[in-house]
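Okay, structure first, notes after.
Each value in this text was obtained by applying a stated rule to the coordinates, not by laboratory testing. Bear in mind that the values here come from a model prediction, so they are computed numbers and not experimental data. Virtual Cβ from ideal backbone geometry, glycine too; neighbours counted across all protein chains shown.
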Amino acid sequence: MSTPTSLRYTETHEWVRMEPDGTVTVGITDHAQNALGDVVFLELPDVGRTLKAGENCAIVESVKAASDIYAPIAGEVIETNQAAVDAPESVNADAYAAWLFKLKPVNADDVAKLLDAAAYDKIANA
Amino acid sequence: MLNLPLSALERRDDFISRHIGPDAAETAAMCADIGVASLATLISETVPAGIRLAAPLAIAAAVPEHEALAKLKAIASKNVLKRSLIGLGYYDTILPKVILRNVLENPGWYTAYTPYQAEIAQGRLEALLNWQQMVMDLTGMALANASLLDEATAAAEAMAMARRASKSKSNAFFVDSAAFPQTIDVVKTRAKYFGWDLVFGTAEEAASADVFGALLQYPDKTGAVRDLTDTIAALKAKGALVAVASDLMALVLLKSPGEMGADIALGSAQRFGVPMGFGGPHAAFFATRDEHKRSVPGRIIGVSVDARGKKALRMALQTREQHIRREKANSNICTSQVLLANMAGMYAVYHGPKGLQTIASRIHKLAAIFAAGLKGAGYTLRTAQFFDTLDIETGDKTATLHADAVAAGYNLRHVSDTALGVSFDEKTTRDDVSALFGLFGVKADLAALEASVALPESLLRTDAILTHPVFNSHHTEHEMLRYLKKLQNRDLALDHSMISLGSCTMKLNATSEMIPVTWPEFSDVHPFVPREQAAGYLEMIEGLANYLRAVTGFPAICMQPNSGAQGEYAGLIAIRRYHEARGDAHRNICLIPKSAHGTNPASAQMCGLNVVVVDCDENGNVDVADLKAKAEQHKDNLAALMITYPSTHGVFEEAVKDICATVHAFGGQVYMDGANLNAQVGLTSPATIGADVSHMNLHKTFCIPQASAAPAWARSASRRTSPRSWPTMP
């Protein structure tokens with residue numbers, strides 16, 4: 001199970017990438033997609049919605065569970081990945097390429113407070 | 001043997017040995033195996049002494065099966081059978097005997113099990129697939145589920161689904177004021193606890209409503225049939241989801257809700273062969289468009305492949321159901337009404353499209369002839385376009401006409417002090433129409449009115465229905481019999497072996513318990529008959545309630561909820577009303593152990609309660625320290641604790657009295673999930689352990705068959721909340 005060191009992570013298995021333009025891209029980790037099994041459906045937040053950190057904002061549904069996805073940091077949803085919605089299996093194929101949504105963070109510093117790859121691996125492999 | 005006293009030969013407790021498997025030798029061997037001296041020792045080591053009942057249950061001694069049946073027959077004979085033309089969702093119907101004997105009366109069909117292990121019953125799943133297809137065809141929808149509990153709760157589910165799927169910012173839901181009264185009542189309760197507003201009006205007024213969803217009845221309670229296409233379009237243009245409550249027999253002839261643009265179609269399938277039975281149980285159908293499939297409550301059967309690539313049936317889209325999503329589930333519904341759904345599906349298989357069209361056309365023609373005769377005699381009809389039902393202005397003759405009809409053997413619908421209604425059904429004959437003509441003083445000749453039709457061409461359906469081969473292949477009795485047997489042979493049911501699934505408590509009900517179900521005195525009674533015609537039912541229901549009072553230790557029993565999850569919902573509502581009555585309406589926290597059945601948190605969220613999960617310790621018991629901490633933390637808003645006893649792991653947790661006392665101390669009420677009541681009866685009781693409200697699953701603890709998820713009845717009981725808190729039927 002891969003955990004790229006360039007990303008940040010949450011305890012609830014989201015990965016987060018800080019983009020050069022200050023926006024943040026969010027997806028679910030390889031560990032998460034593996035645990036879920038075949039992903040069949042994605043329910044993503046509406047663009048424009050304001051999220052609090054930890055707020056339940058999306059659902060990744062597999063054949064055995066419909067799992068909640070939580071906003072890793074506070075921010076406004078600026079884009080969602082329609083390609084992933086149209087091909088949910090892409091999340092299984094490459095969880096780090098199949099991003100789910102992008103946020104404009106309320107506070108860019110929040111990203112640095114998230115788990116690094118090593119800390120996430122400890123949790124994922126616990 | 002001849003030396004034995006007479007009392008030993010009378011075998012008045014024969015029932016026990018016939019229906020409880022292990023004999024004395026086997027019991028002794030099992031006790032030895034687990035290291036206890038006897039069953040009594042096992043019980044005293046398992047059930048905490050502090051909650052043991054001091055005396056045996058205060059109920060009458062057992063009687064042999066044939067005597068019990070004789071007693072029931074005497075009670076049944078107090079029901080009076082008339083031809084009920086009352087309608088409002090319940091209509092007389094003819095259950096083909098091949099289906100009666102080989103499905104309803106057949107343990108191979110009524111003991112199969114599908115709620116959580118569907119794949120062991122492929123035959124039953126095919127029957128459900130037939131049901132789903134029948135519903136899809138008749139409603140004009142892309143997808144149908146494997147049935148809901150009844151029309152009223154199906155309408156409430158449609159409202160919740162509309163809220164989930166609609167993007168409308170309105171907080172209101174439109175309800176057709178001509179929907180069935182019992183449907184309106186249930187929708188009102190659900191809306192209240194979800195916090196939604198209801199707007200009532202005519203179907204015409206619906207078009208201008210600004211709502212997140214709407215419920216329209218087609219045909220409505222007056223029998224009126226109207227084209228809802230424009231109304232539906234207007235509602236949808238504003239972002240509302242539209243649910244149409246309808247009637248399968250009417251839909252055989254009428255333009256479908258799907259064709260009119262509806263998002264959801266629902267209703268009762270009772271009139272497809274399932275006896276009225278004083279109100280149930282019946283299967284409700286629920287169908288929708290493909291785009292809403294993930295929002296549908298309940299079970300859906302789907303076609304898949306097995307490990308060898310061969311076609312196999314399984315449950316689909318379960319990820320949104322209570323056992324997986326818990327408080328985030330689409331609904332708290334646990335099961336469905338599969339036995340009844342399968343009977344209705346087989347009714348369609350046996351009659352086929354032509355057979356159903358014949359029945360529906362006959363029903364309509366008789367109604368139209370009756371209406372024409374009334375009009376010719378000067379009566380004013382309130383319903384112009386109808387399928388089987390019409391309301392008639394009868395002015396000051398209303399009471400007399402109604403009474404004369406009863407005396408002549410007919411129950412008409414009492415619409416108001418100045419109007420009566422009639423609903424015709426599969427059993428209605430030309431002789432009935434002649435008799436009614438006589439009662440209404442109509443001198444017309446039926447033959448002269450034969451060309452009568454009261455449905456415009458524009459409302460008749462033009463698409464072909466039930467084209468699948470299964471609806472066109474089994475129209476002789478022997479073919480039907482073999483088809484039923486073929487399906488039955490694919491299933492693992494209790495007639496083969498044990499099904500060791502907990503929670504659902506699989507047991508083979510005694511045949512003598514099933515026999516009265518099909519006695520006409522029980523099966524042919526309409527739920528809305530004048531009370532004096534149902535004296536037998538009322539006596540039996542009260543008798544059962546008394547037994548349940550003895551078993552639970554609670555004085556107040558509600559006999560209405562028709563599933564465990566519905567019992568939970570009713571019980572939690574009673575708790576909310578209790579708090580409201582004491583000025584504590586703000587109490588909205590519900591503590592639920594992690595080990596709880598999925599319906600518990602699902603039901604709690606449906607009542608507007610916020611779920612706080614209580615940990616379990618490493619033994620799977622409620623973590624008492626965590627419970628106490630959380631109860632105290634939430635003491636200002638604590639509404640309830642939901643607890644299963646013994647637990648879902650089968651353990652009689654010793655701390656239960658302490659747990660209940662803690663919750664009481666912080667202002668909450670204790671709801672006991674009665675799924676494991678079997679383990680309590682006679683040994684302890686919900687009242688003894690400290691619970692305030694409990695439901696009982698009569699399909700687990702008493703003799704309603706599981707029938708592959710046909711809950712049929714559950715009951716809710718409470719310690720002290722007033723009868724006003726309980727649901728009532730109009």
**Report entry** Packing-based exposure ordering (other Cβ within 10 Å, fewest first) of B:C31, B:C590, B:C660
**Finding:** B:C31, B:C660, B:C590
Report summary line: For the stretch B:6-46, the Cα gyration tensor yields equivalent-ellipsoid semi-axes (√(5λ), largest first, whole Å) of 25, 11, 9
Query raised in the report: How many angstrom lie between the C-alpha centres of the stretch B:13-54 and the stretch B:89-137?
Result: 37
Report task. Tally the DSSP beta bridges in chain B and give the antiparallel ones as a percent, rounded to 5. Result -> 50
Report task. Using packing as a proxy for protection, rank B:171-182, B:246-257, A:70-81, A:105-116 so that the peptide with the highest average count of other Cβ atoms within 10 Å comes first. Result -> B:246-257, B:171-182, A:70-81, A:105-116
Report summary line: proj_area_mean for the protein assembly as shown (convex hull on C-alpha atoms), units nm², value 41.1
Query - Taking N as its residue count, the alpha carbon Rg of chain B over 2.2 N^0.38 Å - result: 0.98
Query - the stretch B:638-709 versus the stretch B:179-216: alpha-carbon centroid distance in Å - result: 34
Query - the stretch B:535-725: Rg to Rh, with Rh as the Kirkwood radius over Cα pairs - result: 0.95
**Report entry** Taking B:T462, B:T229, A:T3 and counting other C-beta atoms within 10 Å, the order from fewest to most
**Finding:** B:T462, B:T229, A:T3
Requested in this report: Please report the relative contact order for the stretch A:8-107, taking Cα pairs under 8 Å with a sequence separation of at least 6, and give it as a percent rounded to a whole number.
Outcome: 32
Query - Residue order, fewest to most surrounding Cβ atoms within 10 angstrom, among B:E477, B:E291 - result: B:E291, B:E477
Report summary line: Violations at 20 Å Cα threshold for listed pairs B:K169/B:K192; B:K97/B:K486; B:K169/B:K238; B:K354/B:K485; B:K328/B:K657 -> B:K354/B:K485; B:K328/B:K657
Query raised in the report: Extent of chain A along each principal axis, from alpha carbon coordinates, in Å, largest to smallest?
Result: 36, 32, 23
Report summary line: If the chain between B:D185 and B:K354 were fully extended at 0.36 nm per residue, the gain over the current Cα-Cα distance would be 57.2 nm
Query raised in the report: Hey, what's the Kirkwood Rh for the stretch B:477-623 if you take every pair of different alpha carbons, in angstrom?
Result: 20.0
Query raised in the report: Can you give the average number of partner chain beta-carbon atoms within 10 Å of each beta-carbon in peptide A:64-76, as a whole number?
Result: 2
Query - the stretch B:121-218: relative contact order as a whole-number percent, Cα under 8 Å and 6+ apart - result: 31
Query raised in the report: What FRET efficiency would be calculated for the residue pair A:Q82, B:A312, taking the C-beta separation as r and a Förster radius of 35 Å, to the nearest 0.05?
Result: 0.55
Report task. Give the distance, in whole Å, between the Cα centre of the stretch B:457-530 and the Cα centre of the stretch A:1-47. Result -> 48
